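A quick write-up on the structure given underneath.
The values are calculated or read from the model by the stated rules, or taken from the named source; none is laboratory data. Owing to the predicted nature of the structure, the values given are computational and were not obtained by experimental measurement. When we count neighbours, we look across all protein chains shown, and the Cβ atoms used for this are built from the backbone with ideal geometry, even at glycine.
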Ligand SMILES: Nc1nc2c(c(=O)[nH]1)N[C@H]1C(S)=C(S)[C@@H](COP(=O)(O)OP(=O)(O)OC[C@H]3O[C@@H](n4cnc5c(=O)[nH]c(N)nc54)[C@H](O)[C@@H]3O)O[C@H]1N2
Ligand SMILES: Nc1nc2c(c(=O)[nH]1)N[C@H]1C(S)=C(S)[C@@H](COP(=O)(O)OP(=O)(O)OC[C@H]3O[C@@H](n4cnc5c(=O)[nH]c(N)nc54)[C@H](O)[C@@H]3O)O[C@H]1N2
Ligand code: SF4
Ligand SMILES: [Mo]
């Protein structure tokens with residue numbers, strides 16, 4: 001349209017962070033009024049779903065924080081100025097450090113779906129305090145997958161090339177709504193419409209993705225381990241294993257094949273509630289596929305046997321040789337090493353495994369509510385809402401209340417912020433430069449540093465500024481450290497890079513403060529200031545991934561020079577830049593186990609598998625005859641990023657989906673209220689009758705139940721799912737929750 005000024009940014013509502021172009025308007029020119037997909041974004045290429053059109057509800061949320069807040073004794077908050085806030089927060093955290101040790105200061109969050117720079121700056125604050133333990137949402141979804149991946153491949157994550165696959169397999173994943181790979185709906189439709197390609201969906205619900213599928217395995221909730229065993233059994237018993245691949249690239253196949261030769265496919269299918277013929281059909285499609293891509297997500301990762309299922313899923317991938325060629329799985333080059341396996345340490349109180357550096361979310365309350373001398377005493381929460389998003393909200397509230405000091409950095413008055421001693425207001429993701437590290441594409445991978453769209457509003461500050469001020473108040477960075485770098489910056493980028501490198505390499509204290517040094521002294525356009533930390537990350541990448549960067553045009557023998565050219569490209573590309581180009585032949589070379597082979601036999605998981613196969617059929621507690629999936633992704637859900645309930649065009653209060661026969665038996669009609677009860681809590685909720693649900697299975701959306709200011713005062717809309725979940729219901733290996741499988745009762749009311 002003539003006269004429209006489109007500004008590049010990104011959607012912040014899911015990990016894809018599609019490139020967007022936005023038109024600003026409204027009375028003050030600060031409203032995000034029009035959106036379109038940004039064709040120049042290398043990954044999303046103009047794609048966007050329906051959600052970003054509502055982003056102004058995030059930018060202009062009525063509960064946005066405008067000033068630092070301090071909690072009074074009576075629980076209410078008073079506004080304080082930044083100087084007071086920073087000096088008091090620094091003093092309180094320093095006091096916790098000096099009294100009980102810096103390792104009792106726990107850090108949670110660091111980024112949501114679209115903002116990962118806070119986490120990068122927070123490393124400086126954490127180091128200044130000697131804080132050691134941390135966690136984030138990843139430790140309630142992906143750590144089982146990381147743990148298994150790391151042990152099998154020496155690499156925690158793989159992704160898959162759905163765009164070019166012959167067979168696409170989704171296990172407990174509804175990408176039509178949840179996306180997780182670029183342009184998901186375009187790719188799903190292409191696969192669905194091509195008679196030569198096969199889409200297989202494993203989901204108890206007939207989801208939007210399942211509607212497009214060639215084969216929908218409508219599994220009985222929580223029985224995926226049985227189904228995957230049946231699929232694997234067919235692969236082995238019908239001679240569909242890729243023997244050449246297994247011989248060349250794997251180890252331990254004998255132990256696995258021994259189990260699979262004798263499994264009873266018919267019985268395992270029946271345990272999964274499925275017709276054996278359909279399971280065989282799916283297994284044959286998988287086994288015969290020239291190129292298989294697959295993706296497991298929350299439907300299995302937050303469910304019974306989740307880590308075992310992650311293992312069985314990988315067995316499907318490796319026994320069919322579905323890695324390392326186009327249309328299959330790959331190991332991407334990522335901007336940061338965001339996923340790793342288990343560390344040698346365990347958490348200080350519960351002795352829980354630390355995977356990817358993270359304490360299992362379901363154990364955080366236990367780590368606090370204890371008299372152990374090393375229990376956590378303080379918590380710094382940033383860009384996350386654990387009082388709402390972690391299992392067992394009641395217990396999380398109790399834990400947060402038991403801490404000496406809770407500091408929350410957020411844009412809005414979240415459920416967690418309400419429990420803090422200090423709330424520090426952050427600028428929104430459109431008022432500062434932001435970036436995401438969740439791009440996993442291949443062979444080309446993208447990075448997008450978005451310049452800010454809007455002048456910051458007075459009051460809130462970007463996290464980079466908040467952490468810099470905290471580190472300065474803690475005495476970790478002084479003016480004397482900064483002055484020489486400022487001088488070097490005047491001499492030009494060459495001299496500056498050299499001076500920073502010398503400062504941080506020669507001195508551990510300054511090395512820990514690199515994000516602050518860069519942010520405070522680098523010369524950058526105002527709209528990109530928070531991007532300063534990317535120079536450090538670019539250098540790390542240049543030292544580690546030289547060939548991939550070189551193929552993307554960032555070549556050279558000197559990592560500092562490579563980092564500089566990559567950084568300059570990032571700064572100069574407001575719609576994103578391709579930073580790494582890989583080759584399919586790189587993938588298997590990235591296997592990092594000691595013998596460079598994929599380890600198929602993991603003894604503890606094989607044992608758990610054998611135990612499963614000898615288990616009697618499970619009996620359901622008659623007091624809780626339903627299985628509740630607590631936290632489904634729908635067309636207008638986005639975790640708790642948008643708090644204003646009116647952003648939802650449909651399903652405003654997040655109905656409980658239930659099979660019409662079940663509803664009839666209970667005597668409830670469409671739109672009526674029911675009481676939903678679990679062992680942990682009870683809630684009233686409106687029902688939506690949906691024949692996409694199987695009998696005995698009900699589902700609630702995620703991100704509902706947020707309190708929001710209305711004319712008549714604060715009001716919560718919908719049910720907060722974790723009022724109904726329990727922290728002890730978790731995976732025995734890595735502690736991930738069973739949110740998709742909560743025993744529940746549904747009763748008519750009124
Ligand atoms: N619209 C939207 N998109 C999002 C998000 C959002 O909030 N809203 N959040 C983002 C985030 S943080 C994540 S982690 C991803 C998650 O993305 P998904 O994992 O796709 O999301 P869910 O809807 O939670 O769960 C997926 C499916 O699991 C199924 N399921 C339930 N029980 C079982 C079972 O026993 N077996 C199997 N096989 N499946 C089962 C459900 O029916 C559901 O269709 O989505 C991302 N994208
Ligand atoms: N029962 C159940 N629970 C679940 C799930 C489920 O399926 N079922 N899903 C889980 C999953 S997969 C995930 S990923 C988690 C997500 O849960 P969390 O990791 O807690 O993340 P969000 O709910 O997205 O909360 C993000 C917070 O960041 C704030 N924010 C937004 N922009 C900024 C910014 O620029 N700076 C700062 N400092 N803050 C900002 C928002 O106001 C919000 O308070 O929820 C989990 N919880
Ligand atoms: S797919 Fe995700 S990032 Fe892209 S427009 Fe939709 S919600 Fe936003
Ligand atoms: Mo997530």
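A few comments on the model shown:
- Residues in region 604-626 that are without any contact (Cβ under 8 Å) to a residue 40 or more places away in the chain and not in a loop (DSSP other than H, G, I, E, B): 2 in all.
- Condition met for residue 256 (at pLDDT 95 or above and closer than 26 Å to residue 192 by Cβ): no
To keep it simple, each residue is scored yes or no on (1) within 16 Å of ligand 3 (Cβ to nearest atom); (2) in the same structural domain as residue 225 (by TED's automatic domain parsing); (3) closer than 30 Å to residue 54 by Cα.
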| site | (1), (2), (3) |
| --- | --- |
| 547 | no, no, no |
| 558 | no, no, no |
| 566 | no, no, no |
| 571 | no, no, yes |
| 577 | no, no, yes |
| 590 | no, no, no |
| 602 | no, yes, no |
| 631 | no, no, yes |
| 650 | yes, no, yes |
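- Top-ranked residue in region 141-161 [being more than 14 Å from ligand 1 (Cβ to nearest atom) and part of a helix (DSSP H, G or I); ranked as surrounded by the fewest Cβ atoms within 10 Å (Cβ to Cβ)]: 151
- Inspection of region 124-131 finds no residue satisfying the criterion of being under 16 Å from the mean Cα position of the chain (by Cα) and within 15 Å of ligand 2 (Cβ to nearest atom).
- When 445, 439 are checked against the criterion of being closer than 30 Å to residue 323 by Cβ, in contact with a strand residue (DSSP E or B) (Cβ under 6 Å, 6 or more places away or on another chain) and in a strand (DSSP E or B), 445 stands alone in meeting it.
- Filter pass, residue 104 being within 14 Å of ligand 2 (Cβ to nearest atom) and buried (at least 21 other Cβ atoms within 10 Å of the Cβ): no
Residue by residue, here is whether (1) over 30 Å from residue 303 (Cα atoms); (2) under 28 Å from the mean Cα position of the chain (by Cα); (3) modelled with pLDDT under 95 holds:
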residue: 533; (1), (2), (3): yes, yes, no
residue: 546; (1), (2), (3): yes, yes, no
residue: 549; (1), (2), (3): yes, yes, no
residue: 579; (1), (2), (3): yes, yes, no
residue: 589; (1), (2), (3): yes, yes, no
residue: 595; (1), (2), (3): yes, no, no
residue: 600; (1), (2), (3): no, yes, no
residue: 618; (1), (2), (3): no, no, yes
residue: 628; (1), (2), (3): no, yes, no
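- Residue satisfying condition, being under 30 Å from residue 247 (Cα atoms), within 16 Å of ligand 2 (Cβ to nearest atom), in contact with a strand residue (DSSP E or B) (Cβ under 9 Å, 6 or more places away or on another chain) and touching a residue at least 12 places away in the same chain (Cβ under 8 Å), within set 339, 391: 339
- The sole residue among 70, 62 that is in contact with a strand residue (DSSP E or B) (Cβ under 6 Å, 6 or more places away or on another chain) and either more than 22 Å from residue 379 (Cβ to Cβ) or part of a loop (DSSP other than H, G, I, E, B) (or both) is 62.
- Residue 138 touching a residue at least 40 places away in the same chain (Cβ under 8 Å), touching a strand residue (DSSP E or B) at 6+ places or on another chain (Cβ under 8 Å), assigned to a helix (DSSP H, G or I) and away from ligand 2 (no atom under 16 Å from the Cβ): no
So that you can scan it fast, the table gives a plain yes or no per residue for (1) within 16 Å of ligand 4 (Cβ to nearest atom); (2) within 15 Å of the chain's Cα centre (by Cα):
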site: 146; (1), (2): yes, yes
site: 151; (1), (2): no, no
site: 161; (1), (2): no, no
site: 164; (1), (2): no, no
site: 169; (1), (2): no, no
site: 172; (1), (2): yes, no
site: 175; (1), (2): yes, yes
site: 180; (1), (2): yes, yes
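- Any chance residue 493 is surrounded by fewer than 20 Cβ atoms within 10 Å (Cβ to Cβ) and touching a helix residue (DSSP H, G or I) at 6+ places or on another chain (Cβ under 8 Å): yes
- Residue count for region 495-543, restricted to those that are in a helix (DSSP H, G or I), over 20 Å from residue 118 (Cβ atoms) and in contact (Cβ under 8 Å) with a residue 40 or more places away in the chain: 3.
- Residue match in region 425-446 (condition: over 30 Å from residue 579 (Cα atoms) and surrounded by 24 or more Cβ atoms within 10 Å (Cβ to Cβ)): yes
- For residue 309, the test of being surrounded by 19 or more Cβ atoms within 10 Å (Cβ to Cβ) and over 26 Å from the mean Cα position of the chain (by Cα) is failed.
- If you go through region 8-25 and keep only what is more than 15 Å from residue 447 (Cβ to Cβ) and touching a helix residue (DSSP H, G or I) at 6+ places or on another chain (Cβ under 8 Å), you end up with 11, 12, 13, 14, 20.
- None of 230, 258 is part of a helix (DSSP H, G or I) and under 29 Å from residue 741 (Cβ atoms) except 230.
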